[in-house]
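The values are calculated or read from the model by the stated rules, or taken from the named source; none is laboratory data. Just so it is clear, the structure is predicted and the values come from calculations on it, not from any experiment. Don't worry about glycine lacking a Cβ; one is built from the backbone with ideal geometry, like all the others, and counts go over all protein chains shown.
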Amino acid sequence: MTLRAMWVVPVIALAACGRDLGSGAQPDYGLGRTATASEIAMIDIDAAPDGAGLPPGRGTVEQGAAAYAVKCAACHGPGGAGIYPLYPPLVGRDPQAANFPFATDPNRKRTIGDYWPYATTLFDYVRRAMPFGAPGSLTTEETYSLTAYLLAANKIIPGDATLDSASLRAVRMPTVDRFVRDNRRGGAGLR
C-alpha cells in the first residue's frame, strides 16, 4: 500500500461521519453522559513530582511493612526482592548504580533505590496501580505506609519514619539528578 493510499482510507472514513472536524464540536454518539464533578474527583488522584495532588493522610514504615506482607509480597517477594521474571525487585541499592549504568546496560535491575527519581511519584504509582489484582483499592494511609516502607527498605528514609504530604515532598531520591525534567509546554513552541 502506498503512503498516499494509507491517507485516503482515514479521510474517506472521517468524511463519511458527516461532521465538521474544524468546528471543535464534540460528536454525540448517544452513549453515556457527562461525568459529574464528584466522579471526576474520584479518578483525579495523580500526584506530581513536586507533590501537587498529594492527599491528606499519613503512614509509618511499621504499618507499611505489615501492609506489604499482606498486599504486596505475593507478587514482589519477601522484602521487595522480586519474583523473577514477572515481578521486578523493588528493594536494593547497587553500589555501581551511582554511575547510573542503566542507559548502557539494559539488563541492570532497576529498583526504587537505584532508579526512581521522585518519592512523590512512587506514592502516585502505588496509589493508582497497585495491588496488581485490585488497582486503586489501597487507602491513602496504606499508600503512605507502603511508600514509607519501600523508601526505608531502600535506605532512603529512616526505619522509624512517618510520611505525610509534607515529609514525602521533602524526600530526595538518590538518582533525581540523573533524570531530565520534561519542560515542554506544547503548542507552537513544542521542542
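Go through the stretch 84-99 residue by residue and tally those that are surrounded by fewer than 16 Cβ atoms within 10 Å (Cβ to Cβ), at pLDDT below 85 and among the hydrophobic types (A, V, I, L, M, F, W, C).
Count: 1.
Which members of the stretch 142-188 meet the condition of being under 22 Å from Phe102 (Cα atoms), assigned to a helix (DSSP H, G or I) and in contact with a Gly (Cβ under 7 Å, 6 or more places away or on another chain)?
Leu150, Ala153, listed by residue number.
Could you check, for the stretch 56-69, whether at least one of its residues is modelled with pLDDT under 95, aliphatic (A, V, I, L, M) and over 18 Å from the mean Cα position of the chain (by Cα)?
If we filter the stretch 56-69 for residues that are modelled with pLDDT under 95, which is where we start, we get none.
No, that holds for no residue.
Restricting the search to the stretch 116-141, which residues are in contact with a Phe, Trp or Tyr (Cβ under 6 Å, 6 or more places away or on another chain) and either part of a helix (DSSP H, G or I) or under 16 Å from Gly82 (Cβ atoms) (or both)?
Of everything in the stretch 116-141, just one residue is in contact with a Phe, Trp or Tyr (Cβ under 6 Å, 6 or more places away or on another chain) and either part of a helix (DSSP H, G or I) or under 16 Å from Gly82 (Cβ atoms) (or both), namely Leu122.
Out of everything in the stretch 106-115 that is in a loop (DSSP other than H, G, I, E, B) and closer than 19 Å to Lys155 by Cβ, what residue ends up being farthest from the chain's Cα centre (by Cα)?
The qualifying residue farthest from the chain's Cα centre (by Cα) is Arg108.
Cβ-Cβ under 8 Å, sequence separation 6+ or interchain: first residue in the stretch 107-131 and under 12 Å from Val171 (Cα atoms), partner of a type in the set (Phe, Trp, Tyr). Which pairs?
Close Cβ pairs (under 8 Å, with a partner that is of a type in the set (Phe, Trp, Tyr)) amount to Pro117/Phe179; Leu122/Trp116; Phe123/Tyr144.
Residue check: is Arg185 at pLDDT below 95 and more than 18 Å from Gln63 (Cβ to Cβ)?
Taking the combined requirement at face value, the residue satisfies it.
Does Ala103 count as of a type outside the set (Phe, Trp, Tyr), at negative phi and surrounded by fewer than 17 Cβ atoms within 10 Å (Cβ to Cβ)?
Yes.
Test Val171 against the stated conditions and say whether it is in contact with a Ser or Thr (Cβ under 6 Å, 6 or more places away or on another chain), among the β-branched types (Val, Ile, Thr) and at pLDDT 95 or above.
Details: in contact with a Ser or Thr (Cβ under 6 Å, 6 or more places away or on another chain): no; among the β-branched types (Val, Ile, Thr): yes; at pLDDT 95 or above: yes.
Spelling it out, it is not the case that Val171 is in contact with a Ser or Thr (Cβ under 6 Å, 6 or more places away or on another chain), among the β-branched types (Val, Ile, Thr) and at pLDDT 95 or above.
For the stretch 27-83, name all the residues that are more than 20 Å from Phe132 (Cα to Cα), aliphatic (A, V, I, L, M) and surrounded by 10 or more Cβ atoms within 10 Å (Cβ to Cβ).
Ala35, Ile40, Ala41, Ala48, Ala52, Leu54, Val61, listed by residue number.
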